[in-house]
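Q: Before anything else, here's the structure in question.
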Amino acid sequence: MIDGGHRSRTPRVELYWLPNHLGHPRMGVIVPRHGGTVVARNRLRRRLRELLRRRVLRRAGAADLVARARASAYRATFAELATDLLQWPPA
């Protein structure tokens, strides 16, 4: 996906997307350790998944979308993550 798709970066999240032929969007969430605890990693994963599901997938159309958390995402509030994800798709 990274080679043939598109990428958008924000201070806290990297988004990769590629059109698919399924007719509906799919998503994946990657949360690297970055020195965080298991609890922090799971909290961040849940937040990203919820934001993607409620706010981004509705605009995605038929695309495969992968969100990868950056180290600064661990310190971000829910609102900051939402602001980053609402910047997709880039103009």
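Q: Before I look further, what does the chain give for accessible area per residue, probe 1.4 Å, in whole square angstrom? Walk me through the numbers before you get to the answer.
A: Details: 5550 Å² over 91 residues.
On a per-residue basis, the chain sits at 61 Å².
Q: Select from the stretch 21-53 those trypsin sites (Lys or Arg not before Pro) which occupy a DSSP coil region and have at most 11 other Cβ atoms within 10 Å, ordered by residue number.
A: Counting only loop positions with at most 11 other Cβ atoms within 10 Å, the trypsin sites (Lys or Arg not before Pro) in the stretch 21-53 are 33.
Q: Could you work out the helix-only [θ] at 222 nm for the chain, with each DSSP H run of four or more residues adding -39,500 (n - 2.57) and the total divided by the number of residues, to the nearest 500 deg cm²/dmol? Can you show the working numbers first?
A: On the way: 3 runs with 26 residues, N = 91.
Calculated from helices alone, the mean residue ellipticity at 222 nm is -8000 deg cm²/dmol.
Q: Taking all protein chains in place and a 1.4 Å probe, what share, in percent, of the accessible surface of the chain do carbon and sulfur account for?
A: Heavy-atom surface of the chain belonging to carbon and sulfur, 1.4 Å probe: 51 percent.
Q: If you don't mind, there's one more thing I want to ask. With the calculation restricted to Cα positions, what are the radius of gyration and Dmax of the chain in angstrom?
A: Cα radius of gyration and Dmax of the chain are 12.6, 38 Å respectively.
Q: Could you tell me how many degrees, from 0 to 90 and to the nearest 10, lie between the Cα long axis of helix 38-51 and the main elongation axis, the longest principal axis, of the Cα atoms of the chain?
A: It is inclined by approximately 30 degrees.
Q: Could you run the Karplus curve 6.51 cos²θ - 1.76 cosθ + 1.60 with θ = phi - 60° over the stretch 16-31 and give me ³J(HN,Hα) per residue in whole Hz, x for Gly and Pro?
A: 10, 8, 8, x, 10, 10, 8, x, 8, x, 10, 9, x, 10, 10, 10
Q: Give me the dipole magnitude in Debye, nearest 20, for the chain about the Cα centre, with unit charges on the beta carbon: positive for Lys and Arg, negative for Asp and Glu.
A: 380
Q: Could you work out the relative contact order of the chain, using alpha carbon pairs under 8 angstrom and six or more residues apart, expressed as a whole percent?
A: 41
The values are calculated or read from the model by the stated rules, or taken from the named source; none is laboratory data. The structure presented is a predicted model; accordingly, all values stated were derived computationally and were not measured. Methodologically, a virtual Cβ is constructed for each residue, glycine included, from the backbone with ideal geometry; neighbour enumeration extends over all protein chains shown. The area values use the complete protein model at the heavy-atom level, side chains included, leaving out ligands, DNA and RNA. Shrake-Rupley method; radii C 1.70, N 1.55, O 1.52, S 1.80 Å.
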